[in-house]
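**Q** Pasting in a structure now, in structure tokens, and then I'll have a few things to ask.
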Amino acid sequence: MPKPLIHIVGTGGTIASRYVAKDGTIVAPASVGELAASVPGLADIAEVRGVQHSNVTSDIIDRPTIVALGKVVRKLLADDATTGVVITHGTATLEETAYFLDLTLDSEKPVVITGAMRNAVEPDADGPRNILYSTIVAAHQASFGRGVLVCFNGEIHSARDAIKVHANRVNAYESRDGGAVGAVSKDGLIYFSRPERPLHIKVDHMKENVQLIMLAQGANDLLVRACIREKVDGIVIEGIGAGNVNLPYYHAICDALETGIPVVVGVRMFAGTPYFAKGHEGSFRTMVERGAISAGYLSGIKARILLMVGLAHTSDREAIREFFACAGAASMPRTL
């Protein structure tokens, strides 16, 4: 039997970084070929081919680079010989890239994105094991039809729910509400649940100027007013508590909605969804009644990605609202 064909696409990040320990100087990053060569036993799992898409830290990775990455992955998946794709990525914005790909790729083949918390020259680097485990996931028949997956430290997370929760430890990724959907080791993998992936949007790009704002106690409306003045494409607000805001924010959000700027409201915590219990001005309920859109269970970061992708497809406010209803709550699968 031929081995499954897995393409490993390198984009850079800590997994490819090499530092001089005494002064933090960065030397030339590892290529995807070097990363693959550093993984014992990788060739036993699959026929691996490397694709060097980019090689930058994800702190500075930009929208055109991610859009181009989507086009590369789409082309690889279209090849009948391809079983799946593994993407190596910096951890800082990995969850955003994963969700963009999950929303815009239209393939049942596995796409697994991973990274590392320790750079490539550390003696206990976690990158090789993460690549090995991600390749096991991408090569496994059980991974088909599950959308884009994030594989980190032996855990498998859905792209929608994966969130970075720690700046230093190797188990830096968790899932926002539902927990890991599976686990993987050298002995194989197991899935505990199937990720909800009710939404695919037929675009290959994003609207650029969508701003994410977290509300803090006593904050004034400066940032929302700046968004109105600059005529941004959209705004995502991470509200306090159940998605509420103070009065200056409330009035500024109402003004933004009046000018036609779509505003999505979620919560600033690491789990949960906004709700309608309170009716005072500035409550989540009053903002929705004025035209704001609920982020549902999406984090502010994921809500921003969905708004950027949704606006690339349509400017119709009700269509955007339906995207969020599909992505942030249980819904029948659909293509829009």
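The values are calculated or read from the model by the stated rules, or taken from the named source; none is laboratory data. Just so it is clear, the structure is predicted and the values come from calculations on it, not from any experiment. Cβ: placed from backbone, ideal geometry, glycine included. Neighbour counts: every protein chain shown. The area values use the complete protein model at the heavy-atom level, side chains included, leaving out ligands, DNA and RNA. Shrake-Rupley method; radii C 1.70, N 1.55, O 1.52, S 1.80 Å.
**Q** Select from the range 269-282 the residues that are under 21 Å from Ile320 (Cα atoms) and buried (at least 16 other Cβ atoms within 10 Å of the Cβ) and write down the one among them that is nearest to the chain's Cα centre (by Cα).
**A** Thr273
**Q** State the number of residues belonging to the range 267-325 that are under 19 Å from Gly178 (Cα atoms) and free of Cβ contacts under 8 Å to residues at least 24 places away in the same chain.
**A** The qualifying residues number 1.
**Q** I would also like to ask the following. May I ask you to verify whether Glu238 is open to solvent by less than 60 Å² (accessible area, probe 1.4 Å) and acidic (Asp, Glu)?
**A** Spelling it out, Glu238 is indeed open to solvent by less than 60 Å² (accessible area, probe 1.4 Å) and acidic (Asp, Glu).
**Q** Something else about it: Take the residues of the range 299-310 that are out of contact with any strand residue (DSSP E or B) (no Cβ under 6 Å at 6 or more places or on another chain) and of a type in the set (A, V, I, L, M, F, W, C): which is most open to solvent (accessible area, probe 1.4 Å)?
**A** Ile301
**Q** Which condition from (1) open to solvent by less than 10 Å² (accessible area, probe 1.4 Å); (2) part of a loop (DSSP other than H, G, I, E, B); (3) of a type in the set (Val, Ile, Thr) is the one that Val265 breaks?
**A** Here Val265 meets the rest and fails (2).
**Q** Still on this structure: Quickly run through the range 220-242 and pick out the residues that are farther than 15 Å from Leu307 by Cα, modelled with pLDDT of 95 or more and either more than 26 Å from the chain's Cα centre (by Cα) or of a type outside the set (A, V, I, L, M, F, W, C) (or both).
**A** Listed by number, the residues that qualify are Asn220, Asp221, Leu222, Arg225, Ala226, Ile228, Arg229, Glu230, Lys231, Gly239.
**Q** Can you give me the number of residues within the range 16-70 that are more than 20 Å from the chain's Cα centre (by Cα), surrounded by fewer than 14 Cβ atoms within 10 Å (Cβ to Cβ) and of a type outside the set (A, V, I, L, M, F, W, C)?
**A** Qualifying residue count, the range 16-70: 7.
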